[in-house]
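Beneath this line is the structure, given in structure tokens, with notes to follow.
Laboratory data are not the source of any read-out in this text; all were calculated from the coordinates shown. Computed from a predicted model, the values in this text were never measured in an experiment. Ideal geometry is used to build each Cβ from the backbone, glycine not excepted, and the neighbour counts take in all protein chains shown.
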Amino acid sequence: MARDTGRPLRADAQRNREKILSAAVRVFAEKGLDAHLERIAKEAGVGSGTLYRNFPTREVLIEAAYRNELARLCDAGPELLATLPPREALRAWMGRFIDYATAKFGMAEALRSVTETGVNPYAQSHGMILEALTALLDAATAAGTIRSDIGPSDMFAALTGIALTSAKPEQREQAERLLDLAMNGLNADRR
């Protein structure tokens, strides 16, 4: 497990950690289990020692990279609601869901290696995503810009379906069209 002293990381250490996690997602998505940790360190612009201090094993790094992507998705909801009207915030978040799914599918082989060690990186994913989605749907419903009879589980199922069919990077245009179609289905005048 990564070193946890109970103290918050210095700003530069936090930036390095974020750069490592972002590089890890890209490299594991591209190379799978053939990804070299030294390449991840190089792409992050840090030394190997910095990578290993934060993530002493490949499995710890893979799990942390996935969990970071999940947190970025879920943390985006309040940020989007603070800057956009609720309907637009929901649509923007849906695009980020596809980004998350693309990263997750790209890292599938690496994530499988983590689950084989008995660790379940997905244990909290469903609940966290439903919580973020609930806040976005509630805000858009309260604003009267989407219908009120579609719950977060239904929307999650729709987004998962779109992701399963269109989450590869080369399918992004199709994913965007399908997200727009889903948003049209949420119009308040459709019941």
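For E18, project a label point 7 Å along Cα to C-beta. Then give me every residue of the stretch 71-106 with its amide nitrogen under 17 Å of that point. Correct set: 71-80.
In summary, the lysines within cross-link reach of K42, defined as a Cα separation below 25 angstrom excluding same-chain residues under 8 places away, comprise K19, K31, K104. As a proxy for reagent exposure, E38, E59 were ordered by neighbouring Cβ count within 10 angstrom, fewest first; the result is E38, E59. Spatially, the stretch 142-172 and the stretch 64-138 are offset by 13 Å when compared through their Cα centroids. Of all complete DSSP H helices in the chain, those with a Cα span along the helix axis of 27 Å or greater and a mean Kyte-Doolittle hydropathy of -1.0 or more are 11-31, 58-83, 86-106.
Between V60 and E43, full extension at 0.36 nm per residue minus the direct alpha carbon distance yields a gain of 4.3 nm.
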